[in-house]
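Asker: Mind looking over this structure? Questions follow.
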Amino acid sequence: MSFLRQYTINHYGGLDADKPSELPYGDFYWAEDINVLYKYNYSKIPIAINEATSGAAIQITEVANNYSSLTPGGSLGQIAYVYNSQGTSWAPGSLGGTYYPAGFYVWNGSTWLSDRNAIANQLELNTRDSEIRVTQLNKDQTIGGIIDSSKKYFIDGVIDMGTTQITVPPTGLTLGGASFDVAGLVSTADNYTMFVSESPEIGSGNILGVDYFVTTSGTNSKVYELYDATGFSAFEFARVNFIDCSSLGDMYNYRQGLEEGTGRFGGAPSLTLHGTWLGGYRITTSIVRSLSASMATPLFKAGTAFLMNSRFLTDINCDLPTLASLFDFSQVNFPNPGTLDIRNTIITRDGVLSPKDTNLTPNISASDLASFWKGNNGLPNTFVGGIATISTQIETVIATINTPVQIAGTFANTDLQHFDSPSNGRLRHLGINPREYTVNFDFVLEGAANAEYTIDLIKNDGVDNILFSQTRVVNNLQGGRDITYFSSMANVILNQNEFLFWNVKNITGIENCTLEIDSSWSVEER
């Protein structure tokens, strides 16, 4: 059987010259003549930890003759030192008696405590200049008070916030915990918002979080209502879970959002994005499960004047209830082509893959110019390109030998994605990415027997450029139909608004030709 070892931390005081050269690790010595606190390290050597030259200085806020001489502390975690004990030693003040020992005291917000473990913990915390520990006891004074943006707020355990709000200042908030299993901020209050700006006009800065969970389960409650103070702030989280949240709330005009390893479990965790987001939003390696069956709002919602100037990208693994959507974004929310970037997702409804379910993305489709959806399971994918097929054949008139003219005939266009047809027989690239394409064609051309015809694939980028040519001799067949076949492929690069079309020329004469019905060509990304 193994036993826990119990260690005692002792506190001593006196003149600096009288301090012991060695004491057990963790013991303290207060040099009262020079107001310096020493802590003994693993080598049992005293180390001054509150000198002005120390970057991790501990501040002793008050030195008093005895406990009764102490004045109320000004803030949680302040340390005081008492020279002399007071009262009867067998009835300590911590048990309702009258004895208060000499040594260190820590202010808990309402009284001075001489508990040695509490003092040791507080002294340790006070050496962490960049961190403020948030507990159930001090939540109102720390994370619920005026935020010090130069500190990280460490969530120590599961904190019931009640109705206490966290006001994120224009200088921002950084918070984290040990993990989302043991650290969390929770509230069951109705009509409650956990993270707020002081006002829309003052706004908030960065909000950065890692390794904790959040619950806001009250009626009409939500996690966020934050307004970016500058339009250049970040909303970023790693390994943060949202559990049984009635809503994630509203974010206004932030520059960018980033979620990595986040989870949404239970509740109706809809997040509404408002205003212009300059830098985009990315949700990666994230999971959504067990949402409320009554949730009818989208997981991501377009709010007032929402505009995503960069990309919204996700590879989320998401199971939606019967009435909820993944997002309700529309083409107007994405001014740049291909910036609604959905790739390698797994999207189910009530546990079933339903790629034909139009309510998954009710206001936009995979083929729209804003969309670039690839490798998805349970959601349609984008196939950039299109097909043009001769639906009505018309004779192409050739007036001059070896002089190209555009092939005549009526082309019917199908499955145009990120392409359109500015005029008959032409396919124009509307997007920005991808730029690399393959053109496939399969033409049957009727012409004069034994005549040679050349077809040219033309790209117009302001001027006409020949990208590919092929020459064939028309077969001299019995009967009235003399034809030849053109079939191949060509790789091309197309920038935005550049277009393709076909010319034909007779290099042996001036006999006309006709591209027969069902002849077709297509453009597809490589």
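Asker: Over 20 Å between C-alpha atoms is what I'm after, so list which of 459/505; 374/459; 19/44 land there.
Answerer: Details: 459/505 17 Å; 374/459 27 Å; 19/44 12 Å.
Over 20 Å apart, Cα to Cα: 374/459.
Asker: How much of the DSSP beta bridge set in the chain is antiparallel, as a percent to the nearest 5? The partial results should precede the final answer.
Answerer: Details: 71 of 160 bridges.
Given both bridge residues lie in the chain, the antiparallel proportion sits at roughly 45 percent.
Asker: Which peptide among 103-113, 15-25, 32-42 comes first, and what is the full order, when sorted by highest mean count of other Cβ atoms within 10 Å? Don't jump to the answer; show the numbers that get you there.
Answerer: Values: 103-113: 18.7, 15-25: 12.4, 32-42: 16.1.
Sorting 103-113, 15-25, 32-42 by mean packing, highest first, produces 103-113, 32-42, 15-25.
Asker: To the nearest 20 debye, what is the magnitude of the charge dipole of segment 381-451 about its Cα centre, counting +1 on the Cβ of each Lys and Arg and -1 on the Cβ of each Asp and Glu?
Answerer: On the way: 3 positive and 6 negative charges, 45 e Å.
So the magnitude is around 220 debye.
Asker: Let me ask something else. Which of the listed residues, 353, 265, 318, is farthest toward the dipole's positive end in segment 131-374, when Lys, Arg count +1 and Asp, Glu count -1 at the beta-carbon?
Answerer: Final value for the positive-end residue is 353.
Asker: Per-residue counts of other Cβ atoms within 10 Å, averaged by peptide: what ranking do you get for 483-494, 159-170, 221-232, highest first? Don't jump to the answer; show the numbers that get you there.
Answerer: Working: 483-494: 15.8, 159-170: 18.3, 221-232: 21.1.
Ranked from most to least packed, the peptides come out as 221-232, 159-170, 483-494.
Asker: Can you give the relative contact order of segment 131-374 as a percent, counting alpha carbon pairs under 8 Å and 6+ residues apart?
Answerer: Numbers: 746 pairs, mean separation 27.2, N = 244.
It comes to 11 percent, rounded to a whole number.
Asker: Segment 295-367: which trypsin sites (Lys or Arg not before Pro) are DSSP loop and have at most 12 other beta-carbon atoms within 10 angstrom? Spell out each step's value before the answer.
Answerer: Details: sites: 301, 311, 343, 349, 356; in loops: 311, 356.
Counting only loop positions with at most 12 other Cβ atoms within 10 Å, the trypsin sites (Lys or Arg not before Pro) in segment 295-367 are 356.
Asker: Going by Cα centres, segment 512-526 and segment 422-447 are how many Å apart?
Answerer: Rounded to whole Å, the Cα centres lie 9 Å apart.
Asker: Each residue of segment 294-303 in order: what ³J(HN,Hα) in whole Hz does its phi give by Karplus 6.51 cos²θ - 1.76 cosθ + 1.60, θ = phi - 60°, with x for Gly and Pro?
Answerer: Once θ is set to phi - 60°, the couplings for segment 294-303 become 8, 5, 10, 9, x, 4, 10, 10, 7, x Hz.
Asker: Another question, then. Where the only charges are on Cβ atoms (+1 Lys, Arg; -1 Asp, Glu), what is the dipole of segment 143-245 about its Cα centre, to the nearest 20 debye? Numbers along the way, then the final one.
Answerer: Details: 4 positive and 12 negative charges, 31 e Å.
With Lys and Arg at +1 and Asp and Glu at -1, about 140 debye.
Asker: Tell me, what is the Rg over Rh of segment 131-374, with Rh the Kirkwood radius over Cα pairs?
Answerer: On the way: Rg = 17.3 Å, Rh = 18.0 Å.
Using only Cα positions, Rg/Rh for segment 131-374 is 0.96.
Asker: Additional query: Counting Lys and Arg as +1 and Asp and Glu as -1, each charge on the Cβ, what is the dipole of the chain about the Cα centre in debye, to the nearest 20?
Answerer: On the way: 30 positive and 52 negative charges, 99 e Å.
With only Lys, Arg, Asp and Glu charged at Cβ, the dipole is about 480 debye.
Asker: Would you tally the net charge around residue 518, using a Cβ to Cβ cut-off of less than 14 Å, leaving residue 518 out, and scoring K and R as +1, D and E as -1?
Answerer: -3
Asker: Let me ask something additional. Packing-wise, with mean Cβ within 10 Å as the measure, how do 324-334, 139-149 rank, highest first? Provide the component values of the computation, followed by the final result.
Answerer: Numbers: 324-334: 20.5, 139-149: 17.3.
Descending mean neighbour count gives 324-334, 139-149.
Asker: Quick one: compute a quarter of the convex hull surface over the Cα atoms of the chain and quote it in nm².
Answerer: Details: hull surface 151.2 nm².
Average of the hull's projected areas for the chain equals 37.8 nm².
Asker: For every other residue with a beta carbon closer than 10 angstrom to the beta carbon of residue 208, add +1 if it is Lys or Arg and -1 if Asp or Glu, then tell me the sum. All intermediate terms of the calculation are to be shown ahead of the outcome.
Answerer: Values: positive: 152; negative: 236.
Neighbour charge sum, excluding residue 208 itself: 0.
Asker: Something else now. For residue 261, what is the net charge nearby, where nearby means another residue's Cβ is under 11 Å from its Cβ and Lys, Arg count +1, Asp, Glu -1?
Answerer: -2
Asker: May I ask you to evaluate 6.51 cos²θ - 1.76 cosθ + 1.60, the Karplus curve with θ = phi - 60°, for each residue of segment 258-271 and list the ³J(HN,Hα) values in order in whole Hz, giving x for glycine and proline?
Answerer: Those phi angles translate into 8, 10, 9, x, 7, x, 10, 10, x, x, 10, x, 7, 10 Hz.
Rule-based calculations on the coordinates, nothing more; no lab input. In this text the structure is predicted, and so the values were computed from the model without any measurement. Here Cβ is always computed from backbone atoms with ideal geometry, including for glycine, and neighbour counts include all displayed protein chains.
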